[in-house]
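Enquirer: Dropping the structure in here first, questions after.
What follows draws every value from the coordinates through simple rules; no lab data is involved. Since we're looking at a predicted model, the values are computed, not measured. Neighbour counts run over all protein chains shown; Cβ positions are idealised from the backbone, glycine included.
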């Protein structure tokens, strides 16, 4: 059924993760975000700390050179020992995301899930964003981030996600045509965004 | 009230105009699309045929040189005689769009209305798109367009709209962050898209 699997891309500080979590609760289905990292790390044998550092980051040769030797041959899944640490993590996450989607209805946040699952016909791909001011507010009040250059931090986080998405999908992160529904959470709020996505699920032809 | 004025940008063949029309009917408010052209033409003294040719087209020096002499001093509004025909039409449409928005709730299709009205706090900016196959189907069945190169025709129409929007706004047409809500009408259909926009209107914080 279309809408069985909901993928949510999001700008940093847009509340995309909260929206995804609330939506999954409302629909009574699974939710995957950081959990993906932990699962991927367990499967690969790469430490969760290293995994988190390169999660959603496009190729970084310094980090790569630091860890590739250490973890080159530890994967318990397909043998990715010839790949960079980033590509390796992308491949492992790809396998896990496909496996999770096969297991049943769920909401998956970020990590190019829309692209990884593009062959499926039961997706609803959503993108969540908001203006920078509202995201700064959220980063401070909700995430407790304290930084003098918080705007720069937010824009850098977006740049990282954008590079990761564009690099692995060959498409443009946040371009409306890559998603079925795009929402400004600054205008609709967390609850409103959840309601609109639920409505959209009921409107799929 | 936010959502008083709804602007709808749309890919060619996405059904954006039908969605706008149905939405306006459901909300009992005014709807402006081609009407804008007629009104603009009347105000300017430029013939509706010329107006339609340059409507939503970025600067075209050949057309400009053909008509600028003929219509250079006929505007009954602000004196735009020093501008190219395209810029002149954009300026006239800007005035008309602002006037219409001041008159009361309405739905305005295309013509950079989201940008022209950006100072207002009562906007809901929507973008409608769909995959090319579905747009070809719509162009043939709904608009009765008969062309061997219909795909090329559609992509050219989009390119024209995109150039116009990017040229006059300095932003990227169809980038989700320029709108409050973006919808794939191929997934939700005309009626579904109208319902989602109505829901979104009720969810504005």
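Enquirer: For residue A:172 and residue A:132, calculate 0.36 nm times their separation in residues minus their Cα-Cα distance, and state this gained length in nm to one decimal.
Expert: My answer for the length gained is 12.5 nm.
Enquirer: 7 Å from Cα along Cα→Cβ at both residue B:159 and residue A:156: what's the point-to-point distance in nm?
Expert: In this crude spin-label approximation the distance works out to 4.0 nm.
Enquirer: If packing is taken as the average count of other Cβ atoms within 10 Å, what order do B:150-157, A:90-97 fall into, highest mean first?
Expert: Result, highest mean first: A:90-97, B:150-157.
Enquirer: Now a separate question. Taking the label point 7 Å from Cα in the Cβ direction, how far apart in nm is residue B:170 from each other copy of itself, listed shortest first?
Expert: In nanometres, ordered from closest: 3.5.
Enquirer: 7 Å from Cα along Cα→Cβ at both residue A:103 and residue B:25: what's the point-to-point distance in nm?
Expert: With each label point 7 Å from Cα toward Cβ, the separation is 4.7 nm.
Enquirer: Using the basic label-point model (7 angstrom from Cα toward the beta carbon), what is the residue A:147 to residue B:204 distance in nanometres?
Expert: 3.3
Enquirer: Across peptide A:129-136, what mean number of C-beta atoms from other chains lies inside 10 Å of a residue's C-beta?
Expert: Partner Cβ neighbours, averaged per residue: 1.
Enquirer: What are the distances, in nm and sorted shortest first, from the label point of residue B:29 to the label points of the same position in each other copy, with each label point placed 7 Å from Cα along the Cα-to-Cβ direction?
Expert: 3.2
Enquirer: Something else now. For residue A:151, place a label point 7 Å out from Cα along the Cα→Cβ vector, do the same in each other copy, and report the separations in nm, one decimal, smallest first.
Expert: Label point to label point, same position, other copies: 4.4 nm.
Enquirer: Please say if the range A:84-134 is rounded, prolate or oblate, where rounded means a/c under 1.5 for a ≥ b ≥ c the square roots of the C-alpha gyration tensor eigenvalues, and otherwise the choice is prolate for a/b larger than b/c and oblate otherwise?
Expert: oblate
Enquirer: Sort A:126-134, A:22-30 by the packing proxy (mean of other Cβ within 10 Å over each peptide's residues), most packed first.
Expert: Per-residue Cβ counts within 10 Å, averaged per peptide and sorted highest first, yield A:126-134, A:22-30.
Enquirer: Per residue of A:183-190, count partner chain C-beta atoms within 10 Å of its C-beta, then hand back the mean as an integer.
Expert: Average neighbour count from other chains, rounded to a whole number: 6.
Enquirer: Shape verdict for the range B:84-205, please, from the Cα gyration tensor: rounded (a/c under 1.5), prolate (a/b greater than b/c) or oblate.
Expert: oblate
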